[in-house]
Each structure stands twice: as C-alpha cells, then as structure tokens.
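Data block below; observations after.
Values quoted throughout were computed directly from the atomic coordinates according to the rules given, and no laboratory measurement underlies them. From a predicted model like this one, the values you see are computed outputs, not experimental measurements. A quick note on method: Cβ atoms are made from the backbone with ideal geometry, for glycine too, and the neighbour counts reach across all protein chains shown.
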4 protein chains.
Amino acid sequence: MDDAMQPEDTPALRALYDGFTAQHLNPLWTQIGDLMPRHPRPKAVAHLWKWADLYPLAKTSGDLVPVGRGGERRAIGLANPGLGGEAYVSPTLWCAIQYLGPKETAPEHRHSQNAFRFVVEGEGVWTVVNGDPVRMSRGDFLLTPGWNFHGHHNETDQPMAWIDGLDIPFSYMNDVGFFEFGSDRVTDYATPRYSRGERLWCHPGLRPLSGLQNTVSSPIGAYRWEYTDAALTQQLLLEEEGHPATVAQGHAAVRYINPTTGGDVMPTIRAEFHRLREGVETETRREVGSTVFQVFEGRGAVVMGGETHAVEKGDIFVIPSWIPWSLQAETQLDLFRFSDAPIIERLNFDRTLVEGA
Amino acid sequence: MDDAMQPEDTPALRALYDGFTAQHLNPLWTQIGDLMPRHPRPKAVAHLWKWADLYPLAKTSGDLVPVGRGGERRAIGLANPGLGGEAYVSPTLWCAIQYLGPKETAPEHRHSQNAFRFVVEGEGVWTVVNGDPVRMSRGDFLLTPGWNFHGHHNETDQPMAWIDGLDIPFSYMNDVGFFEFGSDRVTDYATPRYSRGERLWCHPGLRPLSGLQNTVSSPIGAYRWEYTDAALTQQLLLEEEGHPATVAQGHAAVRYINPTTGGDVMPTIRAEFHRLREGVETETRREVGSTVFQVFEGRGAVVMGGETHAVEKGDIFVIPSWIPWSLQAETQLDLFRFSDAPIIERLNFDRTLVEGA
Amino acid sequence: MDDAMQPEDTPALRALYDGFTAQHLNPLWTQIGDLMPRHPRPKAVAHLWKWADLYPLAKTSGDLVPVGRGGERRAIGLANPGLGGEAYVSPTLWCAIQYLGPKETAPEHRHSQNAFRFVVEGEGVWTVVNGDPVRMSRGDFLLTPGWNFHGHHNETDQPMAWIDGLDIPFSYMNDVGFFEFGSDRVTDYATPRYSRGERLWCHPGLRPLSGLQNTVSSPIGAYRWEYTDAALTQQLLLEEEGHPATVAQGHAAVRYINPTTGGDVMPTIRAEFHRLREGVETETRREVGSTVFQVFEGRGAVVMGGETHAVEKGDIFVIPSWIPWSLQAETQLDLFRFSDAPIIERLNFDRTLVEGA
Amino acid sequence: MDDAMQPEDTPALRALYDGFTAQHLNPLWTQIGDLMPRHPRPKAVAHLWKWADLYPLAKTSGDLVPVGRGGERRAIGLANPGLGGEAYVSPTLWCAIQYLGPKETAPEHRHSQNAFRFVVEGEGVWTVVNGDPVRMSRGDFLLTPGWNFHGHHNETDQPMAWIDGLDIPFSYMNDVGFFEFGSDRVTDYATPRYSRGERLWCHPGLRPLSGLQNTVSSPIGAYRWEYTDAALTQQLLLEEEGHPATVAQGHAAVRYINPTTGGDVMPTIRAEFHRLREGVETETRREVGSTVFQVFEGRGAVVMGGETHAVEKGDIFVIPSWIPWSLQAETQLDLFRFSDAPIIERLNFDRTLVEGA
C-alpha cells in the first residue's frame, strides 16, 4: 500500500498520536496493511513434527512427571513455531501427545473446550466419559465434547500414547472456557469392549427412539477403526468397479459425523480420515482455516507452502490458513485429519482455491 | 352444535341455496360440524388384515395375473373399509402385498411417490434402484424414494412376497404425482450381497467425502435386519444393565433415518421397528396422523379404539388419526411400523395424547 | 398404458377378485393409470367466480341467515366444480366470502386449521385474535394461524364482506383438525387503529427482544395495504430507474412473511400480492399445487388450461395443480394470491414448468 | 490448583524441557490453570471511552491526516487497555470513531470482515455499498457485510463522525480475512433519501419475490432511526397499557435482523438498541462473549465488574466475557449495543448468569 494517509511527522501529529495513546486509541491508517491483508497471512507456519521425536519425549515425561490433579494430563502440546512458543498448533487448535503409564489414572474433569483423541498405536486405556467407559485402540477416533466429565486409566503393564485435539486456543483467545474438577479417580473402572454410546448409536441408518432429540455434539464416544477401514476399502473397491465413491481418483475419504444431524462431530472441530492409493498425488489447495494431519500408516510426502517433507507413521503436520498444500503417497497412505472448519463455515468465512482449477 | 344459524326453511332461503348451487358455492354453516370437528374424526377405520388371508390371495394372483408393463406390479393394496373401497390403507398411505414368482421381472419405472418395501419372509429378489441392485431378505427395510427408477427380479425358483408402502393416496389427493416408464427389464441383473449405496453409506458415524451434499431422502437402499436386530438387542441389554436406552420399560425401538440429516428416510414416510419384551403392554396413545404396523415375529394383541385383536407374524393393522391404541406382547413381539408422521410434523399439526398421563 | 397385466376374465379370476373384496383389498394393476398418472391430473378444475355474482348472494345471506354459535360464520365456500359439490376451492384449500352485517358479532372459537382474511373492499370490522383487536380495511391481509381464538364484530351501520382462506380440505382429508368454542362475544370490543401485534412487530428489520423465540406462524395480525402498495410501487420505480427489483419486466410482487423466520406466514398457506403494469403478460407456467387469485384492482384476463377469462375487481379464480396459466393486464392489474405451496415445498413435491423456457 | 504434577527440578527434567523447546513442544501441566480457567478470565478489561475525549481527537485527525488510498479510512480504533495497545476493543471486535471532513471521499474497497456504522450525531455523508448510495443520519444503523465494495463521501461543508464496528480482531487472529481495493472515488455520488436496498426490503412483513434466496447477511443497508424509535416507543406504550412487550419492566429493546432469516444482521456481529425509562436499573448479568454499548441519548451509569461509571451521550464502553454488568438510567437512557454473540451462539459456547436469579 502507498502512504497517502501517512502525514508528515510534525509536533502536532506527535501530540495527536500521544493523545491516542493516552486515551487508549490506535489509528487504522498506520496498520491497516497488517490488520487487513489481501489474503490471510497467518503468523502460524506450516510445520512437521516427527513421531520419532515426539514419542521418546513423551516416554521420558512418563518417567519424570507424575500424572494427577492440578496438571490433570501428561499432555505435551505441539507449539507452532510462528506463535511465540505458545502450545497452539494453530490459532484455533491444540494438538498434544498424551502419555499414560502402566496402571495410571488421569483424574476426571470437564471443560467447555471440545476434545477428541486419536490413537496411532497401542491399546489398553479406557477413557470414561460421563461415566461411560470407552476402550481406546489403534485407529479409533474418540470424542469428549464440551462439558462432559472424563478421565482415563491404563489397565495394562504397558504405557500408551495418543494424540489429543481441542479448541483450547480458540476458547482462550475468545474467553469462552469453563472448567470443573471431577473425581480424582475415574468413576467406572470397567473395561467393556464397546461403550454404551456405541451400543446405542453405532447401527448404520438407525436411531434409538430414546434419542430423538438432536444434540450439539455426537453421542458416539468411539469411532472404531474397523468401520473406518471398511468404509475406505469399499470406496476404493467401488472406484475399481467403475462407480463414483471417492473424492478424487485414488483418494478415499470419510468424515466423522454426529448421527443426530449428519454434521460435524463437535461445533468447533471437523475430523476426517483419508486414504491415498500408492502413487497418488492430490491437487494443490488453499483453504481458509487451519488443519492438522497425522500419518496413520504408510510413507509419502506433504508439500506445504512449496516445501516438500517426507512423512511416515505417526508424523504430524499443521497447515495454517491459505497456505497451499498437497499430499503424495509413496505407498498406500492413510491419514487422520482434523481442522477448525466448523468455525470457519458456521461464520461464513470459508473459501477454497484449487491451483490450476 | 346447536342450530343458531339454521334459519327457517322459506322460499327465499331455498332460492338463496339454489343460487349457491348455481354459482358453485356451499355455505359453511350447514356443514361446519362435519368439516371442522372437535378432534379428528377419521373416515378411515382401525382395521387388521391377517397374513393368513393375504398371502394365499397373493399366491393365487401369482398364478392368474402376469406381471408386466402397464399394470407394472403384482401389488394388492389394503383398502381401508372406511374409505369406500379405494386402495388406501389410510388417507395418506398405501400398503400392499407384492408377489413375484420364480424368475419373474417387474419392469422399471419411476414416480414422485415415495416408496419402501419391508420383507416379513423369504428372499431371492433383487430390487434395482437407479441401476444399483439391492438384495431383499427377511427383516430388511428397502427404500425407493421419489423419482428413482426401480424394478425387481426374482432369481430363484421360489416365489417371494413382501409389503410395499407408499404415499400414493396423499399424492393422488393433492395432485403432486409424476410417473415415467423405464426399461421393460431391470438394467442390472447382478445379485451382489450388498448394494453400492450400502457399501458407501452403511458405516456408523461416517460419511463419504464424495457425499457431503444433503439429500431429501436417504441414500441407503437397504437397512439390513442384522443391524436392526442388533440395535434392539443392545437396547434391551443396556436396560437390563440399568442404563437408559429403551423408549419405555421393556420397549426397544429404532427409527430408520437419512444419514445425511439424521431425519426421516423420506419426506412423507417415517419407518420404525419396535420390540416388546414378553408380557409388556404399552400405554394407550392417540396421535395425529395415521400409522401401520406389521408383526414381524411373535404373538400378542393390539387394542384399537377399545377393541382388542390378537396378532401374529405377518399381520398388518392400521391406526387412523387420533384413534387410541396400545400393544400387548404375549411372547417377545417384533413389529415394523410406518406412518405419515413427517407430513404431520413438517406442517406442524402433530399432537399426542397419552391416556392417564 | 397397455393391458399386459389384465388377464383373461375367467371364473378363477373372478373368485380372486371376490376374495380381494371380501378381504378389503384392491389390486394396483387395474387402477395404476388413474392412481399414478404421468403428471398431476387434478379432479379440481380451473374456475372463475365473478364478484358480481358472489357479493349479492352474500348480501342475501346477510338478510336471511343469522350469524351465531353453531354455524359460527356467515361464510360461503367456493366449491370447485370438479370436486363434487364440496366447499373445496382445491383439494387443499378453502376459500369463502364472509359477510357481517351492521353491529353483528361472529363468536369466538379456535381450530388447528390455519386461516387468513383478505379485504377487497369495505371497512368497519375488527377481528379479535387471542384478545388482540385487529382492524380490517381494504387491501389488508389478516392472519388467524391455527389454534388462536378469534371472533369478528362490525362496529358500523354498513355490512362488510371479505374473503377467508383456510386449509380446511387438507385438514379434513388428513384428519388433523381440532376445534374449540370460545366466548359467544368477542373478548375485546375496542377498535384501535393498529393491533398490538402490529405495534410490536411491524418495524422493518427490527425484532423485539421480548420476541426472540421463533414461531411456527407469523406474529403479525395484519399486513396493511399501505405497506403492500408502497413495496410494489418501489419495485416498479426501481425497475424504471434501471435496477433489478421486479420478478419479471413490469411485474412487481411481494410475499407476506413470518418475520421470525423470513418464511411463509403459516405452515400450510403462502400468500402474495402481484402488480402487473398495463399491457404486461406473464409467461405461461405449470406448478405443482393449487393456487387462488383475487383481483384487487384493474382489468385483465387469466388464461387457464388454454381458456381465457376476463377478470375485474373482486373476481376470484383457482388454478389446480399442473394446469398451465398466465395473466394479462389490460389496465394496471393488482392481484392477491394464496396457495398451498408450503405443503408442497416442505414435502419436496415442488416442480415448475415454464413453457417455452 | 495444587502442584501434584510439578515434579522436582532435576537435570533430567531440565533436559526434558529443553527437548520440548527444541522440538516446538509445550507441556499442558505447567500452564493448564491459565489456559483452561474455571470461568472466562479475559485479558480484555471493562473500559469506558468518553465522547468528550474521542471527538476532539477525531477532529484533530481531520486537520492533520488526509483520508485516501492506502490508509483507506480516518478511523481511530478503541484499544482495550488489557490487550497490549492493539486496536481491539475486545478479542473479537473492532470499534472506531471515523471522521470525514467537508467534501471528502473515503475510497472504495471490500474485505471479508463484516462492518457496520452507527451514527450518534450529524448527517451529510453517504456510504456507497456495492454501488447503492446510503444516507447516514443520526440514529441510523448501517451495514457493510463482508465482501461488499464500499466507500463514503461527505456532501456538506460540515465534518461528520460516526462509529464503525467490525470483526477485525477475530478475522486477524483466525486468519480468515481477504481485502481488495476498488475505485479511488465512490462509484455513485447521488444522494437519495433512501437506498435501493431499503426501498426493496424495508416494508414490514413483506419480501420481494425477486429476493427469495436467503442471504448470509442482511440486504438492508440502513436501519433508520425513525423505525427504531417507533418500535421502542410502542413497546413502552404497550407496557403502560398492561401488555407484554418489553424485555423487562421499563426496558424496551429491539434487535436488528436479516429479514431473509429473522436472524442476526451478519454472521459475526449482533446489534441491538435499548431504551430504559428514567430510574430503571437492569439486573446484573454475566454473558459469554464481549459487547460494546454507545450511549445515544440520556444520562445514567454502567456498573462493570463492580465499578460504576457515569455515562452520557456518545460515551462508549466495552464489557468483556463473563464480567458482571448492569445499567442505570438517570434520565430516559437510549443505548446502541453490538456484540460477538453470533460467534458465541453458532459455536454453542453461550451461557448467561443472572445474579440473584
């Protein structure tokens, strides 16, 4: 932008600007280029965390840091290098690796922040959500929507790690968060294979008559890997048989939904699972809002802002708003994805640009 | 009502009434009590059809009446005794038993009327909906929403019968129906175990990214018995374990839904499946709108308008608007139910009265 | 349709058909052509009632028929000649001319049927809706949504006539109607210029904080002619100034809406007002659902099903489903319109065909 | 919170924390109390800006700072003292005083940020929104929803000031903003009394048939003071007559709405106008989300977080999330209000606490 409105530096102007400061004012004309850019210019940067780096640090935390009331969770937040060291993976999203040692319990609490967990490996932990014990196993996507009491316990002699996703930065920046402590133990140490929520809700195309009221977030506590894998497998088979099923050639994908509405699982977080056939490369896209991927299985690469990064199982990367990105599958590549798309869409800020389209 | 507005019969009045007739007019004051009753007074009556009567007549039709273009379907409509012989099970709904002999094909057509099928016994027929072959087996609930081409074919040496439900009376009375002939054969004689719609959509809590646009009717062609049965079984188990899951003590029930919205499967028809434990009796209810039940398994009774009817497998009964009804389970009693509730609710005419409540 | 499925007339077939009758059954194959036509073939016919015929009969009714409890209203229903003499202007809609003599009162009642009034001429009557007195004057559109108590009284020495529109046929055919008597007098004989509903709600773009809950029907009791006329006038002026504002060249139109949603005023009835510049002719359309027009001012013609009818002030005509129609304005032509479009649209049966388009 | 999870400071722990830093990680257990407080603990503070301070600084800016391309607007943002000097009145909202000298033009641009203006005094400026000139006068509330080109020009020999409200901080923090320059002049210097949007849309209870598609933001460019004042006057009159109309005794209030939906004017900003009778005091409330008031007329006080501030015409105050507040009217007190409530409600974070309730 030119400087049409930047007047000569005079004593009168300085007095004016001092007056602004004294009165808690700040003029638009000195900062509009930064405040209102031509397109989003995120402070957050595209970044990749390697599972090979994350897991050992989590394991050491398990040795050195006890889990318990006060700190609440042995969760290590991914801090976007552009965001000043805060544990924000993006301006809206929190992503952490959480680690629970053998026989440990993370105490119960609840908060208005919406939370999920995704398990890239391991098993043996149950998360207890409003008293309903939910098994956690590799490939499962697990929900703890806002204001539900929840705690975790590890029933085995092995530690377990997983990732947590929440809207903590959004809640913090916009001052919307409430928090309440619950039991120091989990309220039910039973270890059923399927939670009550699943038993009531995980029947395709069916809804219990005892649950006809729509809910803000999904009543399903666990989206099991067996279903996700089957859905992706069927999409690729249908594609092979010549029928439309995938989102692009060789690219199967599902969105996790709230069965009472068909919409996103929680008001602020979208979650999906993507599978690329070996050799597939996605088109380059820019989207408003930030998104995080974790590689679940396979090898490949992500191109973010023009830079290519090799990725493999467990690796996590964040793509801030409007940064161009694409994926490349060296082997079949399975990826879990979450984003702040519900925030962006509900407020009508969504835009997508497909390069070359 | 009293006769305050019924004036003396004079030559002048007769002349006035003749004038009304000549000008295609009809005064309210002579008919308001009938037209606008204190509560719904349906012409349709509560009625029970016995499967033991229906099936032999369908079988004989199979011997005497060829299926083919023009008549389109060997379907025999249940004609509510209160509706003058028309094949209307209620003012809004059509219910028929359809019969397809060994190796027969019912030709393809499409219509704006919404249709479903429910299979109380048998197997061996595939219904082909917009080119997608859908297996029909006992306990399955199958959809043909408005304006989808569909035909049926029987691959076996055995005949098969099932019930059809449509909104034909509603469409006919309100002049909303379109109809178009398709192929005289079905367009795909393949006999896959699962239809493409199921393979894409029947993964609980998941939605394909290739299907993010909401649809007026469900994209699921077949709701399989295995899922329905499992859902009901889990509800009763959860109840036994002390958790809320059933709609009333001993009464499990699911609604078939459109997974893109969580709402009813089609804009005019609701479908549900109910299971009563042995010995359970439901409360007596009155509801605006008409509903049809078919006994799927077990023995019991229905009380409609104060009259008790014993029911068993295959029996079909209709409950018109505002007629009080309750169910009694002699053995465990499984019932399929469909109704015009979406019409009633979308137009805000719904009311329910639970007697004694 | 051909007769593929019409088998030879044999004793066995007759026995089968007798069996159908005995068991309250009716086969599809003998009647599908009528029940499921290629496009809507309404029994209702396009018809025009002349105000010059209607008004004298209403006036004579005023002399001969007292208004009061039991008959409730001195309302004379327009009986579509295709519907067997019933007072149905179409399968879904009721339209009547109502007449109230000097100093008369029509007693209060309420019903689930949705009602409105439109005033083509006259003034001096107040309709009292849930205790809120609403003045009725030429050009006003007045609402009595379902289950609101209402009565009318004439404060003057002159009689007054207007038209009523309701969903009586729909409610009757589908058994959804409830009715309750209220006071034999109106509960408030005050004659304010503006009703309380108007004073609270008729401020453009504003909503009272005391009324943030959305309502099924509009909270506005009277849509005044001054606003309707101004809106149409502005549309034609904007068109003259070269800006998009009209629905077609020379054709201004507004829809009456529920301000809490922006949608139709009541769940079953749409109401609009149309103004055609002198000389304008509309395109020929077919629409699913039935609609009624009353000429408010001016002269012109309506073409319905290929037949042209001259129309003038007060004339009422009905266009059944899928009958082609167009309007021609000899002078500037003002028309009030109502229809069952909300029923058709909420149930996803809407289709429109513009001829030549 | 206690320190259960704060382990002893050992070399191993320091090495772990250094590893976190090196890998762009940040543990939850050291910061959860700040990040996830028991209830919102906004950094933003309650603050009052006096019009008597603002206006002279704006006037001096008019003398010293030219308006034009680059700086775009002579707008001076209110910088919440808790937010480090940034021109954010709250974490989501921008509020500025804008000043346009005699005959000046502010050039056209558009941005995805949603904007409005409210005029506490003066007249003579037209804002041109997508080519539609909109007069600005005392008491008017004017909209510039996201991505509409707009510029302003002053036709008079007098300067004019008003307040701007936008979602700039929200857009900036969440990286959703786009910006585009338009004409250096406004595209239409006509000065009509009413804009085209008003002429099409400001007819109560009516919607043009040319505008049946719902829009994300309101199509009304100006909400005129005459309507706002009339609505408030009627509410207080109705209250005097004994009818429910106000939001609390002596407290009239309206919300500005999008007539296509009945909802808020823009996806991120709610706007209302409140009138308190002399002597009225509101109950003390806490609400999630931030809100800004400007006194339009009268004298009174606001109590925020327990501190009482006298307020008079033009004064602006902000109430951050969950800070308790109430209003007191010394004279009749008229206040314009805007907030981020649509953000909070669409994401299901809304909560309200009325003290003593």
As straight-line cross-link partners of A:K103, the qualifying lysines (C-alpha separation under 25 Å, not fewer than 8 residues apart within one chain) are A:K59
Exposure proxy check on D:V186, B:V303: fewest-to-most Cβ neighbours within 10 Å is B:V303, D:V186
Summing -39500 (n - 2.57) over every DSSP H run of at least 4 residues in chain B and dividing by its residue count gives a helix-only mean residue ellipticity at 222 nm, to the nearest 500 deg cm²/dmol, of -5000 deg cm²/dmol
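Taking only C-alpha pairs under 8 Å that are 6+ residues apart, what is the relative contact order of segment D:199-357 in percent? Don't jump to the answer; show the numbers that get you there.
Details: 331 pairs, mean separation 36.1, N = 159.
Relative contact order, segment D:199-357: 23 percent.
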Cβ density ranking, 10 Å radius, fewest first, applied to A:D167, B:D157, D:D350 yields B:D157, D:D350, A:D167
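When N counts the residues of segment D:47-211, how does its alpha-carbon radius of gyration compare numerically with 2.2 N^0.38 Å, as a ratio?
Numbers: Rg = 16.0 Å, N = 165, 2.2 N^0.38 = 15.3 Å.
The reported ratio for this selection is 1.05.
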Short to long, in 5 Å steps from zero, the percent of alpha-carbon pairs of segment C:1-130 per bin is 2, 7, 12, 15, 13, 10, 8, 6, 6, 7, 6, 5, 2, 1, 0
For the protein assembly as shown the translational diffusion coefficient, Stokes-Einstein from a Kirkwood Rh over Cα pairs at 20 °C and viscosity 1.002 mPa s, in µm²/s, is roughly 61 µm²/s
Rounded to the nearest 10, the angle in degrees between the Cα long axis of helix B:51-64 and the longest principal axis of the Cα atoms of chain B comes to 80 degrees
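What do you get for Rg/Rh of segment D:224-354 when both radii come from the Cα atoms and Rh is the Kirkwood radius?
On the way: Rg = 14.5 Å, Rh = 15.2 Å.
Value, to two decimals: 0.95.
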Extend 7 Å from the Cα of D:Y55 along its Cα-to-C-beta direction; within segment D:101-133, residues with backbone N under 11 Å of that point are D:120-122
Rounded to the nearest whole number, the Stokes-Einstein translational diffusion coefficient of chain B at 20 °C and 1.002 mPa s (Kirkwood radius, C-alpha pairs) in µm²/s is 97 µm²/s
For chain D, longest principal axis from Cα atoms; helix D:11-22 axis from its Cα atoms; angle between them, nearest 10 degrees, is 30 degrees
The helix A:225-240 Cα axis meets the longest alpha-carbon principal axis of chain A at an angle in degrees, between 0 and 90 and rounded to 10, of 80 degrees
Dividing the mean separation of Cα pairs under 8 Å (6+ apart) by the residue count of segment C:47-211 yields a relative contact order in percent of 25 percent
Between D:T352 and B:H243, the two model label points (7 Å from Cα along the beta-carbon direction) sit apart by a distance in nm of 3.6 nm
A correct fewest-to-most ranking of B:I32, C:I168, C:I97 by other Cβ atoms within 10 Å would be B:I32, C:I97, C:I168
Counting sequence-distant residues (5 or more places) and residues on other chains, those with an amide H built under 5 Å from that of C:D140 are C:V119, C:W225
Output row, site C:Y189, 7 Å Cα→C-beta label point, backbone N cut-off 16 Å, window segment C:98-115, residues C:101-108
Amide H contacts under 5 Å for A:A75, restricted to residues at least 5 apart in sequence or on another chain and with H modeled in the peptide plane, are D:L28, D:W29
Stokes-Einstein D for segment B:141-294 (37 °C, 0.692 mPa s, Kirkwood Rh from Cα pairs), in µm²/s, comes to 178 µm²/s
GluC sites (Glu not before Pro) in segment D:249-357 lying in a DSSP loop, each with at most 14 other Cβ atoms within 10 Å of its Cβ, come to D:E278, D:E283, D:E355
For chain A, averaging the sequence separation of alpha carbon pairs under 8 Å that lie six or more residues apart and dividing by its residue count, the contact order in percent is 15 percent
